[in-house]
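Since the structure comes first, as C-alpha cells, the remarks are kept for the end.
What follows draws every value from the coordinates through simple rules; no lab data is involved. Here the structure is a predicted model, which is why all the values come from computation and not from measurement. With ideal geometry, Cβ positions are generated from the backbone for all residues, glycine too; neighbour counts draw on all protein chains shown.
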Amino acid sequence: MRIAVTASGSTLDAAPSPVFGRCPIFLFVDTDTMQVEAVNNNAGASSGGAGIQAAQFVADRGAQAIVSGSFGPNAYNTLSAAGVEMYTLAGRTVREVVENFKAGRLNRVTAPSRGR
Amino acid sequence: MRIVVASGKGGTGKTTVATGLALVMAQAGPPPLFLDCDVEAPNAHFFLKPALSRREDVNLLIPQVDLARCTFCGRCAEVCQYHAIAVLNRNVMVFPELCHGCGSCTLNCPERAITETPHVIGVLEAGQTPAGIDFARGLLNIGEPMASPVIRALKKWRTAAPGQTVIVDAPPGTSCPVVEAMHGADLALLVTEPTPFGLHDLRLAVELARHLSIPAAAIINRDGIGDDGVERFCREAGLPVLMRIPFDRELAAGLARGRPLPEISPAHRAQLGALAGRLLEEARA
C-alpha cells in the first residue's frame, strides 16, 4: 500500500511534520517494501489554498492514505472526495509512524480539525 | 482630486480624519464624494449619517463544472492561481471562498465544460448625507474572505462628477484591499500615532504609497503619547506632517458618541478647514 506522511526531512528517520498543507516534504512510502519517495511540497509557498493544492498533489501521486498532524476543512473535503484516507500522526520518526500505521495503531481522521 | 486616507495600523483615526475633511469641504464649497472602502468594518456612516437609498449586490463569477462534459484533464486546477478548484479522479471541487472570479478556468477548459454563476459576496450602499456629501460604502458579507472585489466594485459604482473631490476611507493594513483602495489616488494621507506600533505600520504604508507613486503626507493622531520615533521618521523620510490631533479625553468621548471631529472642536474644524483649503489649492496648482 502506498501512503504519504508529512515530514520535515527526506528519509524514514526524519521527524514527521504536524502540518498538512504547508509541510516541507511529503514522504511517499510503500508499506510492503518500505521504499521511499521524497517530494518537496510546493503548496507550502502559496498564499492561499495550500491545503487544497497539497491534497490534489497527494491524490495525484497515488497515495491511498495520508498521515499528518491535522487536516483543515478544505484539505479534509478534498482528500475525502479523492478517496484518500486520513490518519493522525503518532511517532518520533516517519519510520515509527509507518510502523504504527501498519500495526493499525493510528487514529483515522473523520472530521476536519478546524471547523468554521 | 482623489484623496485616500490610510494608515497601516488600525484604529489610528482614519475615519476621524476622512469624515472631518469631508464635512469641512462640504461646508466651504462643493460637497465631495465619500467612499468608505473599509468594507470589513465600515464606520464612516456613524459620523456622516447618510440616508442610504441605493443598494447593489457585489457578485463574483464562480465556476460551475458540467461533469457530463468534463474529461477530468485537470487543466482548470492547473491554471487556478488560488487553488480554488481541484480535480480528483471523477470529481471536481470548487471552493467559492478562495475563488477570485478571474475566469481562467473557464477560459482554459478544452471541453467548454465550465460556466460561471454569480456568487454574492457583499453589497454596495449609497445616499446623501445631511451636509450634502455623496456617500457610498461597501460591505463584505460575514464569512466572505475577499474584500478587494467589493472595494473595486464600489469605486466603479460611484464615480466623481467633473471637478468633484473624492475622499476614500481605506481599510487598515497594507495588503490587497488597501492597494485597491489607494490605487488611483492623487494623495495619500497617512494617519498614524506616535508609538512604535504606529511607526512600524507607517513605514509600510509609506513604502506602499511610494510603490504606487502616490504622494504621501502624515497626520499624527494621539499626539503627546509615546515617543518621538514617528516625528523623526517623517523628517528623515521627507514626509510632511500636515496636522496633529492631541490625545484628548473630550475628543475621544465625542467620537465615541458618533460626533465628527469638526463638530466636537472648533479648533480642529479650523485646522481641518485650513488643511482642506491647502490640499484643494495644491490640486489646482
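So here's what we get for this one:
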| read-out | value |
| --- | --- |
| Checklist (1) on the phi > 0 side of the Ramachandran plot; (2) more than 10 Å from chain A (Cβ to nearest Cβ) applied to B:Ala44, failing item | (1) |
| Residue list for segment B:244-279, restricted to those being touching a residue at least 60 places away in the same chain (Cβ under 8 Å) and aliphatic (A, V, I, L, M) | B:Ile245, B:Leu255, B:Leu261, B:Leu272, B:Leu275, B:Ala276, B:Leu279 |
| Inter-residue pairs, beta-carbon under 7 Å, first closer than 14 Å to A:Ala4 by Cβ and in segment A:40-59, second of a type in the set (Val, Ile, Thr), 6+ apart | A:Asn40/A:Ile25; A:Asn41/A:Ile25; A:Ala55/A:Thr78; A:Gln56/A:Thr78; A:Val58/A:Ile66; A:Val58/A:Val84; A:Ala59/A:Val84 |
| Residue among B:Glu144, B:Glu111, B:Glu125 that is charged (D, E, K, R) and surrounded by fewer than 17 Cβ atoms within 10 Å (Cβ to Cβ) | B:Glu111 |
| Filter result (part of a strand (DSSP E or B) and either crowded, with 22+ Cβ neighbours inside 10 Å or touching a helix residue (DSSP H, G or I) at 6+ places or on another chain (Cβ under 6 Å) (or both)) within segment B:11-49 | B:Phe34, B:Leu35, B:Asp36 |
| Enumerated strands (runs of 3 or more DSSP E) restricted to segment B:50-149, each holding at least 2 residues that are away from chain A (no Cβ under 14 Å) | B:51-65, B:114-128, B:134-140 |
| Hits in segment A:57-70 - residues which are out of contact with any helix residue (DSSP H, G or I) (no Cβ under 6 Å at 6 or more places or on another chain) and within 14 Å of another protein chain (Cβ to nearest Cβ) | A:Phe57, A:Val58, A:Asp60, A:Arg61, A:Gly62, A:Ala63, A:Gln64 |
| Count of segment A:10-29 residues which are free of Cβ contacts under 8 Å to residues at least 40 places away in the same chain and surrounded by fewer than 24 Cβ atoms within 10 Å (Cβ to Cβ) | 5 |
| Test for A:Val94: is it over 18 Å from B:Val94 (Cα atoms) and surrounded by fewer than 23 Cβ atoms within 10 Å (Cβ to Cβ) | no |
| Only listed residue being over 15 Å from A:Pro112 (Cα atoms) and crowded, with 19+ Cβ neighbours inside 10 Å, chosen from A:Ala65, A:Ala38, A:Ala45, A:Ala55 | A:Ala65 |
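Per-residue answers, yes or no, for (1) within 11 Å of chain B (Cβ to nearest Cβ); (2) closer than 17 Å to A:Lys102 by Cα:
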position: A:Pro16; (1), (2): no, yes
position: A:Ile25; (1), (2): no, no
position: A:Asp30; (1), (2): no, yes
position: A:Ala43; (1), (2): yes, no
position: A:Ala75; (1), (2): yes, no
